[in-house]
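Data first, discussion second: the structure below is written as structure tokens.
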Amino acid sequence: MTGNERVRCRIATLHDVEQLADLRWRFKTDDATEFSADERSKFIAAFVESVSASLSDGTFCLCGAETDGRIVAAMSVGKVRKVPSPELIESCWGYLTNCYTLPDYRNAGIGTALLGAVTQWAKDQGYELLAVWPSDRSYRFYERSGFHRYADPLVLQIDEQDLHR
């Protein structure tokens, strides 16, 4: 994947996982101070272990926008294999998630460049579609890049209590 002159959009490697863990922490905590260094360290270790395995087995593809050797934005694509059909034996679609840009790099076209690179990558890989569940303020960002709202899918929200029974 390639980006513009200032920012390079590319597939992340195992070498990038700790930087991506830091971005994920910032995304989910908004750098809140109520978390301890120990909680952050445990999260980083769990992220590195999980994502390293996902990169190795192809479950997820993580992409980053890099400037001056630092990843400043990330997007992840989870590969969802479809059940084979007579018309198409192998098919998949992508779940776009973990889309985050560091605050100092927002509104500079970096997210748009990264989304364009991720979309092209998905096309090159033969993905049937990309689906994203954006925040309310992100709808326009995705719609500008060709994403559309559809009535489907139906979703069953599983309560956290039900998961631990």
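Quick check on the range 49-134: take the gyration tensor over C-alpha atoms, sort the square-rooted eigenvalues as a ≥ b ≥ c, and tell me if it's rounded (a/c under 1.5), prolate or oblate.
It comes out prolate by the Cα gyration axes.
Among the chymotrypsin sites (Phe, Trp or Tyr not before Pro) within the range 118-150, which fall in a DSSP loop and have no more than 13 other Cβ atoms within 10 Å of their own Cβ?
Sites meeting the loop and neighbour criteria: Tyr150.
With charges only on Cβ, +1 for K and R and -1 for D and E, what is the dipole size of the range 59-161 about its Cα centre, in debye, rounded to 20?
Dipole of the range 59-161, to the nearest 20 debye: 200 debye.
Quick one: pull the percent of accessible area on the chain belonging to carbon and sulfur, 1.4 Å probe, ligands and nucleic acids left out.
50 percent
Would you compute, from DSSP H runs of 4+ residues alone, the mean residue ellipticity of the chain at 222 nm, taking -39500 (n - 2.57) per run and dividing by the full residue count, rounded to the nearest 500?
For the chain, the value works out to -11000 deg cm²/dmol.
What whole-number volume per residue, in cubic angstrom, does the convex hull of the C-alpha atoms of the chain give?
For the chain, the hull spanned by Cα atoms encloses 167 Å³ per residue.
Tell me the accessible surface of Glu143 in square angstrom (1.4 angstrom probe, heavy atoms of protein chains only), to the nearest ten.
For Glu143, the solvent-accessible surface is approximately 80 Å².
Hey, which lysines would be in cross-link range of Lys123, C-alpha to C-alpha under 21 Å, not counting anything within fewer than 8 residues on its own chain?
Correct list for Lys123: Lys79, Lys82.
Ranked by accessible surface with a 1.4 Å probe, highest first, in what order do Lys123, Lys79 come?
I get Lys123, Lys79, largest accessible area first.
In debye, nearest 20: dipole of the range 34-95 around its Cα centre with unit charges on the Cβ of K, R (+) and D, E (-)?
So the magnitude is around 160 debye.
With θ taken as phi - 60° and the coefficients 6.51, -1.76 and 1.60, list the Karplus ³J(HN,Hα) couplings across the range 29-40 in order, rounded to whole Hz; mark glycine and proline as x.
In residue order, the calculated couplings are 10, 6, 6, 4, 8, 6, 9, 7, 4, 5, 4, 5 Hz.
The values are calculated or read from the model by the stated rules, or taken from the named source; none is laboratory data. Owing to the predicted nature of the structure, the values given are computational and were not obtained by experimental measurement. With ideal geometry, Cβ positions are generated from the backbone for all residues, glycine too; neighbour counts draw on all protein chains shown. Keep in mind that these areas ignore ligands, DNA and RNA; they rest on the heavy atoms of the full protein, side chains included. Shrake-Rupley method; radii C 1.70, N 1.55, O 1.52, S 1.80 Å.
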